[in-house]
Amino acid sequence: MSQIIQQSMDLYPQGVPEATALPSGEFLSTNREGEVSVVAPDKPTLTVVAPPKEKRNGSGILLCPGGGYERLAMDREGFHVAQRLVQYGITVFVLKYRVPSAMGMQDPSIGPLQDAQQAMWLIHSQRARWAIDTSKVGVMGFSAGGHLAATLSTWFKKPLFPERGRKHLRPAFQILIYPVISMEGDITHQGCRHALLGENPTVEKVKGLSVQTQVTTNTPPAYMVHANDDKSVPVANALCFHQALIEKRVPVQLLLLPKGGHGFGLHHPTDWFANMMEWLTIEGYVDK
């Protein structure tokens with residue numbers, strides 16, 4: 001009987017570029033529900049969660065868990081979501097990305113994005129191995145992972161590894177669940193801003209990583225979910241990105257939930273996941 005395939009690989013088989021040689025500081029943490037997070041991740045990996053071969057439909061998603069750029073909710077916003085996605089024939093690539101660290105990165109503000117670009121490049125370069133159609137490979141992120149996913153979706157013309165080019169960096173679509181979007185003003189998540197930009201960032205850095213300012217007519221279509229009562233990441237983040245996409249005539253669907261707070265993952269009375277799958281199907285990224 002065919003089973004789901006799960007395989008983990010180093011994101012950089014030849015070693016992390018520009019990384020300072022330091023002992024690993026990452027460790028695992030478990031919440032009251034038994035869900036595992038990785039704290040201070042500094043060894044980036046990509047874990048493929050694939051349907052049985054006969055059930056793959058060519059669609060793929062690079063999945064970025066959240067955690068305030070301090071930890072990664074690998075179960076709640078990673079593997080639990082992946083297990084549900086593969087039921088629809090989607091091959092999922094769960095990214096354990098590095099969080100910003102002045103000790104381990106030359107530029108902490110772009111360290112996570114380096115990993116996201118490397119992951120998308122790997123997925124495209126191994127498309128035959130996983131039987132995926134790159135025109136149906138998108139990115140999905142939660143909270144800080146939503147910021148990373150949105151940054152990947154707007155910075156694809158700025159390759160952080162120039163030798164690889166930019167051909168294989170653009171996601172076909174983006175799915176953002178209660179995402180951090182802006183580094184500006186009162187609407188940002190202060191923990192994410194501090195982790196990425198430090199104490200006194202320049203105006204250019206703030207603007208560059210405020211994703212709503214980076215939208216173009218070539219930004220991938222987006223599906224977003226946010227709760228109006230989110231006190232950790234204000235709903236204004238999703239609203240400002242929604243507005244920026246509309247202004248550039250980029251297709252976008254935004255599901256606003258009256259309640260739910262932050263960090264609910266799949267656990268919400270409203271089945272946003274079913275609504276998302278309907279959007280993916282209508283837009284042609286997943287077969288009917």
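The values are calculated or read from the model by the stated rules, or taken from the named source; none is laboratory data. Keep in mind that what you see is a predicted model, and the values were worked out from it rather than measured. Methodologically, a virtual Cβ is constructed for each residue, glycine included, from the backbone with ideal geometry; neighbour enumeration extends over all protein chains shown.
General observations
- Hits in region 166-223 - residues which are among the charged types (D, E, K, R), under 30 Å from residue 134 (Cβ atoms) and within 17 Å of the chain's Cα centre (by Cα): 170
- Only listed residue being surrounded by 14 or more Cβ atoms within 10 Å (Cβ to Cβ) and not in a helix (DSSP H, G or I), chosen from 239, 280, 255, 245: 255
- When residues of region 38-72 are limited to those that are of a type in the set (A, V, I, L, M, F, W, C) and within 22 Å of residue 101 (Cα to Cα), the one modelled with the lowest pLDDT: 40
- Single residue of region 43-94 satisfying the filter (among the acidic types (Asp, Glu) and surrounded by fewer than 24 Cβ atoms within 10 Å (Cβ to Cβ)) that is nearest to residue 190 (Cα to Cα): 70
- Breaking point among (1) modelled with pLDDT under 95; (2) within 21 Å of residue 70 (Cβ to Cβ); (3) among the hydrophobic types (A, V, I, L, M, F, W, C), for residue 149: (1)
- Residue within region 268-275 that is touching a helix residue (DSSP H, G or I) at 6+ places or on another chain (Cβ under 6 Å), surrounded by fewer than 21 Cβ atoms within 10 Å (Cβ to Cβ) and in contact (Cβ under 8 Å) with a residue 40 or more places away in the chain present: no
- Qualifying residue in region 111-128 (condition: among the β-branched types (Val, Ile, Thr) and either within 26 Å of residue 191 (Cβ to Cβ) or assigned to a loop (DSSP other than H, G, I, E, B) (or both)): no
- From the list 111, 66, the one residue that fits, being of a type in the set (Gly, Ala, Ser), without any contact (Cβ under 8 Å) to a residue 40 or more places away in the chain and within 22 Å of residue 154 (Cβ to Cβ), is 111.
- Listed by first and then second residue, the pairs linking a residue in region 147-171 that is within 17 Å of residue 109 (Cβ to Cβ) and in contact (Cβ under 8 Å) with a residue 24 or more places away in the chain to a residue that is of a type in the set (Val, Ile, Thr) and assigned to a helix (DSSP H, G or I), with Cβ atoms under 6 Å apart and 6 or more places separating them unless they lie on different chains, are 150/211; 151/211; 154/211.
- Exactly one residue out of 131, 149 is surrounded by fewer than 24 Cβ atoms within 10 Å (Cβ to Cβ), among the small types (Gly, Ala, Ser) and in contact with a strand residue (DSSP E or B) (Cβ under 8 Å, 6 or more places away or on another chain), and it is 131.
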